[in-house]
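Below you'll find the structure, written out as structure tokens, and then a few comments.
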Amino acid sequence: MSGKFLLFVSLCIFFSCTERPAKNVGRFGCGAVPEFNSDSAFRYTGDQVSFGPRVPGTASHDSCASYLVRRLAGFGFATTVQRTTVRLFDGTPIGISNIVGSFGTGNANRILLCAHWDSRPYADRDPDPASRGKAIDGANDGAGSCGVLLEIARQVGLCGPSVGVDILFFDAEDWGEVNGDFAAGHYGTWCMGSDYWAGHPHTENYNAAFGILLDMVSGVDARFYREYFSMEYAPHVVDKVWRAARAAGYGRYFPDVLGGAIEDDHLPVNRRLGIPCIDIIQYDPGSATGFGDFWHTLDDDMEHVSVETMKAVGQTVLQVIYDEE
Ligand SMILES: [Zn+2]
């Protein structure tokens, strides 16, 4: 029994509870904002990594897709798997799957939470040239963000918020060309799953009040700057999330500083669907790439996953969800 629940019981004695109970207090054990369990998030991350690299077209990828669907369904989410074929930068067709979990499907007021679940097929940024052709574990770059979202899904399933929640696991974010930079405004060989979904949402006339994309949210000592495109398309959502981080006690992870412009899955959501969507992504202005040292190297493994960072991000996003009316 939580302390908050005890407080509610004692208030009932004095006020006889004729007032409408405070939000979310009506269900046993539900506080105003649930407590994000980073051990669960870490476990869900390790589970994904244990299948092997989640490269589309492999058995590891298929196994992990089933796992993600099973977990979402187990937490009370209605699931949809959106399968399609896309073409890689070299023209090769590849089957991909976007995985959708929806909670409170009858609720018109919805929040979209998303992350990519595939992992990069090659460690093209690895310092060792002999390793650059190998697929990465993608513990931070993929699995950690999905691990945080699965724990959020578990908490939402236990204590339903006032808003509906859609969790989107996008496929094929990370199959961009080796060392390939983005042509201006073109993310065709990256972000393929999100680009497809934004053009073909899983339900007709899909809409959400706003979206939050998580990408690389489990790095050691990670910091999340106000990403450039998020500030361009959805500054009010950035403000809301950065405020929630402070309210949750994790403001130090979210400096009030403009970060880099990052082509990521939030762009198709903003540009094709018009849903204001921000990107919470690790940014390091002092590093050569702008990202953590593990980025697109074989070091992106479970050894470099931080439960503290996952807690900071997970608790912040829960704060946002449960602050909504
Ligand atoms: Zn990546």
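The numbers here are math on the coordinates, done by the rules we state, and not lab data. Worth saying up front: this structure is predicted, and the values here are computed from it rather than measured. Glycine gets a Cβ as well: all are built from the backbone with ideal geometry, and neighbour counts include every protein chain shown.
Do me a favour and compute the ellipsoid semi-axes for the chain from its Cα gyration tensor, root of five times each eigenvalue, largest one first, whole Å.
33, 21, 19
Along the Cα→Cβ direction, 7 angstrom out, place labels at HIS200 and ASP301. What is the inter-label distance in nm?
The modelled label-to-label distance comes out at 3.8 nm.
Quick check: pseudo-label points 7 Å beyond the Cα along Cα→Cβ at LEU258 and GLU308, how many nm apart are they?
3.0 nm
Normalised by the number of residues in the chain, what is the relative contact order in percent for Cα pairs under 8 Å and 6+ residues apart?
22 percent
Along the principal axes of its C-alpha atoms, what lengths does the stretch 31-71 span, in descending order and rounded to whole Å?
Its Cα atoms span 42, 16, 12 Å along the three principal axes.
So if each residue of separation counts as 0.36 nm, and I subtract the Cα-Cα distance between ARG271 and ASP221, what length gain in nm does that give?
Gain on extension, ARG271 to ASP221, equals 14.9 nm.
With the crude spin-label approximation of a point 7 Å out along Cα→Cβ, what separation in nm comes out for GLU35 versus ARG246?
2.6 nm
Could you compute the FRET efficiency for GLU325 and ALA288, with r as their C-beta to C-beta distance and R0 at 35 Å, rounded to 0.05?
Here the calculated transfer efficiency is 0.20.
So who's got an amide H within less than 5 Å of the one on ILE212, skipping anything under 5 residues away but keeping other chains? H placed 1.01 Å off N, in plane.
LEU112, LEU113, CYS114, ILE278
How far, in nm, would the chain grow between SER131 and ALA108 when pulled straight, counting 0.36 nm per residue and subtracting the alpha carbon separation?
Difference between extended and current length: 3.5 nm.
Which of rounded, prolate or oblate describes the stretch 185-325 when judged by the alpha-carbon gyration tensor and an a/c cut-off of 1.5?
Verdict is oblate for the stretch 185-325.
So what is the 222 nm mean residue ellipticity for the chain from helices alone, if each DSSP H run of at least 4 adds -39500 (n - 2.57) and you divide by all residues, rounding to the nearest 500 deg cm²/dmol?
-10000 deg cm²/dmol
Taking other Cβ within 10 Å of each residue's Cβ, how do LEU318, LEU68, LEU158 sort, fewest first?
By the 10 Å Cβ count, ascending: LEU158, LEU318, LEU68.
Would you please classify the overall shape of the stretch 115-222 from the alpha carbon gyration tensor, given that a ≥ b ≥ c denote the square roots of the eigenvalues, rounded means a/c under 1.5, and beyond that prolate means a/b larger than b/c while oblate covers the rest?
oblate
Taking neighbour Cβ counts within 10 Å as the exposure measure, how do VAL269, VAL165, VAL237 sort from fewest upward?
Least crowded to most crowded, the residues run VAL237, VAL165, VAL269.
Could you identify which residue out of VAL156, VAL100, VAL86 has the top mean-square fluctuation in a GNM of the chain using Cα springs shorter than 10 Å?
Its mean-square fluctuation being the largest, the pick is VAL86.
Could you tell me which residue out of HIS266, VAL163, TYR44 lies farthest along the dipole of the chain toward its positive end? Charges go on the beta carbon: Lys and Arg +1, Asp and Glu -1, centred on the Cα centre.
VAL163
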